[in-house]
Amino acid sequence: MRRATQKKARIVHSVRAFFDSPAANTVQRLAGHLSQPVGALPLGSAQPRSYSAAMTSLADIRSQFLDYFRRNDHSVLPSAPLVPQDDPTLLFVNAGMVPFKDNFTGARTPDSPRATTSQKCVRAGGKHNDLDNVGYTARHHTFFEMLGN
């Protein structure tokens with residue numbers, strides 16, 4: 001029980017640290033659907049930040065995200081191909097965790113206990129099929145990158 005509590009505390013600490021980072025502020029500013037800065041959210045104790053009018057590039061957001069986790073002992077892994085090479089059950093990579101499927105099922109031992117990636121994905125339907133929303137909302141696209149750790 002103590003080990004689980006310590007693990008949860010480490011995860012909460014990492015999430016709070018990310019939400020206080022410049023990458024989180026950039027992502028939140030671009031998302032535009034939150035009315036308050038990330039620093040004002042209950043997760044963090046930071047003061048609200050002011051934003052510049054300059055738009056941050058997607059490459060900058062991606063590198064800030066990956067650099068944050070690299071500094072916190074995560075292995076940065078490359079994006080897997082959009083068509084899975086070793087998984088006959090999937091036609092396309094439709095989620096950031098697809099390349100880690102063998103790790104979760106126990107078929108493969110991960111090289112590192114912590115990893116981060118910017119995974120290219122295709123919205124192709126399935127269990128949470130929202131293809132009908134593509135083109136009608138600002139959040140639904142057929143091709144996207146999923147940042148995860």
Quiz item: Simple spin-label model, 7 Å along Cα-to-Cβ: Gln85 to Asp132 in nm?
Solution: 3.8
Quiz prompt | Estimated FRET transfer efficiency when R0 is 30 angstrom, pair Asn72-His141 (beta carbons, to 0.05) | solution = 0.55
Quiz prompt | Ranking by accessible area, most exposed first, for Phe143, Phe92 with a 1.4 Å probe | solution = Phe143, Phe92
Quiz item: If we sort 56-69, 105-118 on the protection proxy, mean other Cβ atoms within 10 Å, highest first, what's the order?
Solution: 56-69, 105-118
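Between Phe104 and Asp60, what is 0.36 nm times their sequence separation minus the Cα-Cα distance? Round to one decimal in nm.
Values: separation 44, 0.36 × 44 = 15.84 nm, distance 3.00 nm.
Result for the pair: 12.8 nm of gain on full extension.
Sort 70-76, 95-101 for me by packing, meaning the mean count of neighbouring Cβ atoms within 10 Å per residue, highest on top.
Taking the mean over residues of other Cβ atoms within 10 Å, the ranking is 95-101, 70-76.
The values are calculated or read from the model by the stated rules, or taken from the named source; none is laboratory data. Bear in mind the structure is a predicted one, so any value in this text is a computation, not a measurement. Neighbour counts run over all protein chains shown; Cβ positions are idealised from the backbone, glycine included. The protein model used for the area step is the full one, side chains on, heavy atoms only, and it has no ligands, DNA or RNA in it. Shrake-Rupley method; radii C 1.70, N 1.55, O 1.52, S 1.80 Å.
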